[in-house]
Every structure is written in structure tokens, then in C-alpha cells.
Amino acid sequence: MLSITTRRNMFIGRSSILIAELWAIYYALRITWEKEFRCIELESDCMDVVQSVLGVLEIDIGHAMVDRLKNLTDQEWNLQSEREEKQLLPITGVVLAVINSTSNSDQESRRSSHLSTYFSSRTQNGSDSRVLRQQRARFPLNSPAYDPSYGSTSSPGFCGSLVEFFVKKTEAVQATAGRYENPEEHPFFPDNLPPSLVPHFKYPEVLHPAAMSININKVIWDMYFNKLLPLFVAPGDDGNYASTAARDLECLQALSRRIHYGKLVAEVKFRNEQKDYEPPIRAQDRDTLASLLTFVDVEEAVKKRVAKKAMTFGQEVKLGDDGDKGKYKVDPAVVSGLYGDWVIPLTKEVEIEYLLRRLD
Ligand SMILES: C=C(O[C@@H]1C=C(C(=O)O)C=C[C@H]1O)C(=O)O
């Protein structure tokens with residue numbers, strides 16, 4: 001059984017969020033169709049999605065997506081459910097469960113199943129901004145943590161800031177525990193990392209092997225410390241340098257994971273539109289690749305979603321004090337700008353880098 005799951009938090013109306021949901025289902029259906037699954041069960045907690053997929057409701061959202069989806073669902077699927085149709089609608093999470101598998105091999109199923117992470121990642125936008133808002137923003141800037149002369153006192157012979165010291169040492173421990181065996185993880189200091197000491201786990205080989213050579217963490221590091229941090233932390237120094245470094249590492253890892261998901265996204269796009277992607281890849285034409293892989297409406301939906309999350313979950317809570325109502329830990333506009341200016345462009349940069357090597 002293969003299940004493709006996406007999660008949705010709240011307040012999704014008939015808006016561009018709907019289009020994002022439809023994309024997820026569209027790609028899931030395409031992959032399951034290509035893998036020759038024909039007997040599937042489709043569940044969703046989003047009434048509009050279910051109804052538009054089933055063609056019950058005509059939603060005038062002026063988007064080709066609905067037509068594309070309908071063309072796809074018009075094919076000879078065997079859509080079925082063990083439940084009453086009415087019970088199908090209000091289930092939590094959007095789930096596409098493929099039952100009565102008729103696919104070629106287990107290996108193929110695992111590949112598709114792994115690709116499904118992409119759908120989750122598309123709808124889990126904001127977990128990285130949540131780390132920024134809830135973890136790092138509780139401490140002020142604490143600039144000594146970034147001062148190379150302070151860091152070099154932490155260990156004889158070490159040259160760098162306390163944050164660099166903390167990240168290098170933590171990555172070394174995590175490497176021995178197998179963290180970087182996982183193709184979704186990318187170290188910030190890949191040189192001289194110790195080998196993993198834990199039994200090898202065979203991760204599914206979904207990506208082209210060239211994916212291993214792509215690590216843009218240096219860019220993410222510079223962006224984080226030079227552009228992002230000053231935007232969302234208050235000036236000041238409370239002496240909590242070690243905790244500050246620990247939070248910085250959490251933020252960096254969350255950002256890195258989200259941005260490097262671009263490899264997986266690019267693989268899905270390549271497989272679905274191989275004929276369109278091949279000529280610009282052969283010509284090493286970055287601009288054409290960039291326009292092919294860009295979905296402006298999805299980007300807008302992502303930015304709105306993270307701003308909304310910052311508004312919903314980032315409110316200052318103070319008992320008996322109404323003066324702070326509507327005050328946020330981090331300004332939602334900053335969070336949305338962070339995605340528009342940095343997270344999304346860097347994700348696309350990873351997608352392009354991956355695609356440029358996809359036919360090597
Ligand atoms: C990641 C994708 O590619 C691009 C980047 C996006 C992002 O980083 O959120 C969103 C839409 C696309 O323009 C995608 O299509 O999901």
C-alpha cells in the first residue's frame with residue numbers, strides 16, 4: 001500500500017491555497033497513474049478539493065489546474081472507498097491511499113512513496129519559519145556569539161566564532177550518528193566530518209547521483225547571519241550565547257532542509273515534463289529552466305500561508321494585558337518577505353543546479 005499524505009493546518013478557503021492543494025493531488029494522481037496504479041482511494045479533509053476533483057462543484061478560480069485535474073480524473077481510474085461517500089469528506093489530512101497495488105515492483109513503489117515527501121514539504125511550508133519565530137527570536141542578537149575572538153577561547157587551536165565552534169562540533173557528533181547518510185541532510189562544514197558509526201540504512205535512490213554534489217549551505221549561512229537574523233531578533237546581549245548558538249543551528253538546519261528539498265521537487269517536475277526540460281538542460285540554459293519550474297501562484301500561496309501562520313501562532317501572549325493584542329513575536333510581513341526574498345529563490349537555485357546535472 002502506498003499512501004501520499006499532505007497536511008493542512010487551518011483557514012483554507014477557496015483561494016490560491018486551494019490551487020496548492022489541487023497541485024498536490026494532481027501530481028500524486030499523475031505519479032500513481034504512471035506507476036500503473038488504477039484502483040485508488042482518494043480522501044481529503046478539504047471539501048472544496050474533494051468536490052472539485054469529483055467534479056461536483058464548479059469552482060471559478062480561473063485556473064487551468066482544475067481542468068488539468070479533471071482531464072486526469074476522467075481517465076479510467078477505479079476510485080473507490082470502503083466508507084460511505086459522506087464519511088469521506090471530513091477526514092483530517094489529505095490522503096491519497098493506493099490500494100490493490102498493481103504496480104511493477106516494490107522498488108518503484110518505494111520511489112513514488114519517497115517522492116510523496118515532496119507533497120508534504122509543499123504544504124509544510126512554515127516549519128522553518130516557526131523555528132525562527134519561536135526559538136531564536138526569544139533571545140536578543142547576542143553578538144559575542146559571532147565574534148571570532150570570543151570563539152577562539154572555547155578550544156585551543158580553534159579559529160572562529162562560538163557559533164562556528166558549536167555547529168562544527170555538533171555536526172561531527174551528528175555525523176557519527178549517521179545524520180549525513182540521509183540524502184535530505186546537508187552539513188554546513190562538510191570537510192573532515194567523521195564517518196557514521198551506526199549501521200547503514202539503505203535510503204531509497206530517488207535522485208540522480210549528481211544530487212550529492214549540490215550543497216548551498218555556505219549561501220544559506222551567509223543569508224541567515226547577514227540578512228535574516230538582524231530582521232527578526234532584537235538588539236541586545238543577555239549572555240545566553242550557548243543557547244543562542246543552539247537555536248541558530250536549529251534554524252540553519254530547518255532552512256537547509258527546506259531549501260534542499262528543491263532537489264526532490266526538481267526531480268518530480270523533470271519526470272512529469274521530461275520533454276520540456278531536456279532541451280534547456282542540454283543547452284545549460286538557466287533562465288529557461290527557471291521559468292519552466294516557477295509557479296507564481298504557488299509562491300504567492302506559500303507566502304500568504306507563512307504570513308498567516310506567523311499571525312496565528314506568533315502572537316505575544318500576556319495574561320491580563322490587552323495592550324499587546326495584535327502584537328507578533330515576528331512581524332508576519334517579515335516572515336513572508338523572508339520566503340519571497342530568500343527561501344523561495346534559494347529553493348529554485350537548488351532546483352536549477354540539480355536540473356543542470358540531471359542528464360549527466
Ligand atoms: C518548490 C517549488 O518550485 C518553485 C518554488 C517554490 C517554493 O520554494 O515554495 C514554489 C513554487 C515554484 O515557483 C514548487 O513548485 O513547489
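The values are calculated or read from the model by the stated rules, or taken from the named source; none is laboratory data. Owing to the predicted nature of the structure, the values given are computational and were not obtained by experimental measurement. Ideal geometry is used to build each Cβ from the backbone, glycine not excepted, and the neighbour counts take in all protein chains shown. For accessibility, only protein heavy atoms count, side chains too; no ligands or nucleic acids. Shrake-Rupley method; radii C 1.70, N 1.55, O 1.52, S 1.80 Å.
From the list K263, K227, exactly one residue is surrounded by fewer than 14 Cβ atoms within 10 Å (Cβ to Cβ), touching a helix residue (DSSP H, G or I) at 6+ places or on another chain (Cβ under 8 Å) and in a helix (DSSP H, G or I). Which is it? Break it down into steps so the answer makes sense when it comes.
Numbers: K263 fails: surrounded by fewer than 14 Cβ atoms within 10 Å (Cβ to Cβ).
Unique residue meeting the criteria: K227.
So which residues in the range 271-300 are within 12 Å of the ligand (Cβ to nearest atom) and in a helix (DSSP H, G or I)? Scanning the range 271-300 gives N272, L289, A290, S291, L292, L293, V296, D297, V298, E299, E300.
Tell me whether the range 299-316 contains one or more residues that are of a type in the set (A, V, I, L, M, F, W, C) and farther than 30 Å from A145 by Cα. Break it down into steps so the answer makes sense when it comes.
At the first step, the residues of the range 299-316 found to be of a type in the set (A, V, I, L, M, F, W, C) are 301-302, 306-307, 310-311, 313.
Among the residues that remain, those that are also farther than 30 Å from A145 by Cα are: 301-302.
Looking for residues that are of a type in the set (A, V, I, L, M, F, W, C) and farther than 30 Å from A145 by Cα, one finds at least one in the range 299-316, hence yes.
Residues in the range 244-270 that are among the charged types (D, E, K, R) and under 17 Å from W23 (Cβ atoms) were compared, and the one that is farthest from the ligand (Cβ to nearest atom) is E267. M311 satisfies every condition listed in (1) within 28 Å of I31 (Cβ to Cβ); (2) open to solvent by 60 Å² or more (accessible area, probe 1.4 Å) except (1).
Scanning the range 208-224 for residues that are among the aliphatic types (A, V, I, L, M) and open to solvent by 50 Å² or more (accessible area, probe 1.4 Å) yields M212, V219. Among the conditions (1) within 22 Å of the chain's Cα centre (by Cα); (2) loosely packed, with under 12 Cβ neighbours inside 10 Å, F201 misses just one, which is (1). Those helices (runs of 4 or more DSSP H) of the range 82-197 in which 2 or more residues are modelled with pLDDT of 90 or more and out of contact with any Lys or Arg (no Cβ under 7 Å at 6 or more places or on another chain) occupy 162-176. Out of the residues in the range 166-196 that are free of Cβ contacts under 8 Å to residues at least 60 places away in the same chain and of a type in the set (F, W, Y), state the one that is farthest from L252 (Cα to Cα). Across the range 166-196, the extreme among qualifying residues is Y180.
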